[in-house]
1. For a protection proxy built on the mean count of beta-carbon atoms within 10 angstrom, sort B:34-44, A:40-50 highest first, please.
2. Please list, in order along segment B:77-83, the HN-Hα scalar couplings obtained from phi with the Karplus expression 6.51 cos²θ - 1.76 cosθ + 1.60 (θ = phi - 60°), rounded to whole Hz, x for Gly and Pro.
3. Calculate the translational D of segment A:78-209 in whole µm² s⁻¹ from Stokes-Einstein, where the hydrodynamic radius comes from the Kirkwood formula applied to all Cα pairs, the temperature is 10 °C and the viscosity 1.306 mPa s.
4. Once amide H atoms are built 1.01 Å from N in the peptide plane, which residues 5 or more positions from A:I114, or in another chain, come under 5 Å H to H?
5. Around B:V46, which amide H atoms from residues at least 5 apart in sequence, or from another chain, sit under 5 Å from its own amide H, with H modelled in the peptide plane?
6. Could you derive backbone 3J(HN,Hα) for segment B:25-30 from the dihedral phi with the Karplus parameters 6.51, -1.76 and 1.60 (θ = phi - 60°), listing whole Hz in sequence and x where the residue is Gly or Pro?
7. Quick one: net charge around B:E24, please, counting Lys, Arg +1 and Asp, Glu -1 for every other residue with C-beta under 13 Å from its C-beta.
8. Lys and Arg at +1, Asp and Glu at -1: add these up for the other residues within a Cβ distance under 10 Å of A:G184 and post the number.
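Each value in this text was obtained by applying a stated rule to the coordinates, not by laboratory testing. Owing to the predicted nature of the structure, the values given are computational and were not obtained by experimental measurement. All Cβ positions, even for glycine, are placed from backbone atoms using ideal geometry, and neighbour counts span all protein chains on display.
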Amino acid sequence: MTYYASVLDLIGNTPMVEVSALSPEPDVRILLKLEWYNPAGSVKDRIALAMVEAAEKDGALVPGQTLIEPSSGNTGIGLAMVCRLKGYPIKIVMPINVSVERRQLLEVWGAEIIDSPGDEGSNGAVRLAQQLAGEHPDWALLHQYANHANPRAHYEGTGPEIWRDCPEVTHFVAGLGTSGTLMGVGRFLKERNPAVQVWAIEPPSGETVDGLRSLDDGYIPPIFADNGGAELLDRKTIIGPRESIEWTRRLIDVGIFAGISSGAVMAGAARCARRVKQGVIVGVAPDGGAKYLSSRAWTGDLDDVTERARQTIYF
Amino acid sequence: MTVEVRLPTVLRQHAGGQSVVRAEGATVGEVLEGLVRAYPGLGGQVLAQDGTALHRFVNVYLNDDDVRYLERLDTKVSDEDVVSILPAVAGGAG
C-alpha cells in the first residue's frame with residue numbers, strides 16, 4: 001500500500017525501538033512502543049476511534065450528536081480529531097492544571113473545553129462530566145474509564161502488534177490511568193505466554209490531585225475491576241515527577257523526544273530491569289515531547305521543573 | 001521494626017491532624033493493626049471491618065510498591081521503610 005484512504009487508517013501499527021543503551025542491567029533489553037506515531041499524537045487515538053465506532057455500531061451515537069468526555073488531555077485530543085472527521089461536536093471536561101499545549105490542541109481540533117477544579121484532578125473531571133451528561137441526556141458520554149472498547153482496542157491492536165514485533169517479551173510496562181492499555185495488552189500477552197509479567201506505573205497521588213472528602217469518594221475504573229485488574233497486574237509501582245523528568249531527559253540521548261509519562265514508563269522499566277536482572281521489557285511511550293515544551297522539562301533547572309510538574313497533570 | 005506511616009489528607013483527622021506517624025510491626029498487616037490501636041478512629045477506614053483485608057478504596061504502598069501486588073498484609077517491612085496509605089483513585093487519565 002502506498003497511501004491511505006483516511007487519516008483514521010493511520011491509527012495503530014506504531015513502531016517499536018530498542019533503548020537498551022539506557023538499561024541499567026546488561027542482560028535486560030528494553031524496547032519502547034512509540035505511540036505518538038498515531039495521527040493526533042498519542043496512544044489515545046486508538047481508544048478514541050474504537051469507542052466512537054463501537055457507539056456508532058450499537059446506536060448509542062447518531063450522526064451529528066454531541067459528545068462529552070472527561071480527559072486530562074490525550075483522550076480528548078484523539079476524540080476531537082476523530083469527531084472532527086466524523087462530524088460530531090465534542091465537549092471535553094478537563095482539570096484547569098493541564099499543560100497549555102493540551103488546551104491549544106483541543107482548540108485546533110475544534111473541541112469545546114469545560115474546566116473542572118484543578119485540586120480535584122482527573123476524578124473531578126469525571127464527576128463533572130457525569131453530572132453534565134446527566135443534565136443533558138441528548139449528549140453521548142463515552143466514558144473511557146468504563147468503556148470496554150478502551151481495553152478492547154489494546155487487546156485487538158496494541159497487544160498483537162507487540163507480540164508480532166517482539167514475541168520474546170518477558171515484561172510489559174505501562175502507565176496506569178484508565179487501565180485500558182494494561183488490561184488489554186496485559187490480557188493479550190498473558191494469553192499468549194502466561195509467564196509475561198505486567199507492571200503498572202502510577203504517578204504519585206499528591207496533594208494536588210487529592211480532592212477527596214472521604215475514602216468512599218475513591219474511584220476504581222470499572223474497566224480495571226471488570227477485567228480482573230487486581231489479578232492481571234504483577235506489580236504496581238509509583239514513579240514521582242523528578243524520576244520521570246530525569247528519564248525523559250535520558251531518552252533524548254537515544255534520540256527519543258517523548259512526553260513526561262514516557263519518562264515515567266522508562267523509569268519503571270529501569271526499576272523493573274534492576275529487579276529482574278534478565279529479560280526483555282516492552283514499555284508503552286504514550287505521547288511525544290512537543291506538548292510539554294512549555295514545562296521546560298528538558299532545559300529548565302531540575303528542581304524547578306519537578307516542582308511545576310507536581311502542580312500539573314502529566315499522565 | 002518501627003516504620004514511618006504516611007496518611008492521606010482524608011485520614012489525618014483521625015490521627016490528631018498528623019500526616020506522618022510511626023508504627024511497629026514485622027509485616028504491613030501488623031503495622032496497620034498497630035496504627036489502628038494507636039488511633040482507633042482509623043479502624044474500619046484502613047482495614048475492612050473484619051480486619052483481615054484492606055479497605056476497598058485504600059491503597060497501601062511499601063516505599064513505592066502497592067502491597068496488593070506484593071504479599072498484601074503479609075508483606076514484610078524493615079526499619080527505614082515507609083508505608084504510605086493513599087485513597088484508591090484512577091492513576092491519571094490521559
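1. Ranking, from highest mean packing down: A:40-50, B:34-44.
2. Once θ is set to phi - 60°, the couplings for segment B:77-83 become 10, 10, 3, 6, 5, 10, 9 Hz.
3. On the way: Rh = 16.8 Å.
Calculated translational D: 95 µm²/s.
4. Amide H neighbours of A:I114: A:I92, A:V93, A:M94.
5. Amide H to amide H, under 5 Å and 5 or more residues apart or across chains, B:V46 pairs with nothing.
6. Taking θ as phi minus 60°, the curve returns x, 9, 10, 4, x, 5 Hz for segment B:25-30.
7. Overall, the nearby charge balance is -3.
8. On the way: positive: A:R46, A:R152, A:R187; negative: A:E156.
After counting each charged neighbour, the total is +2.
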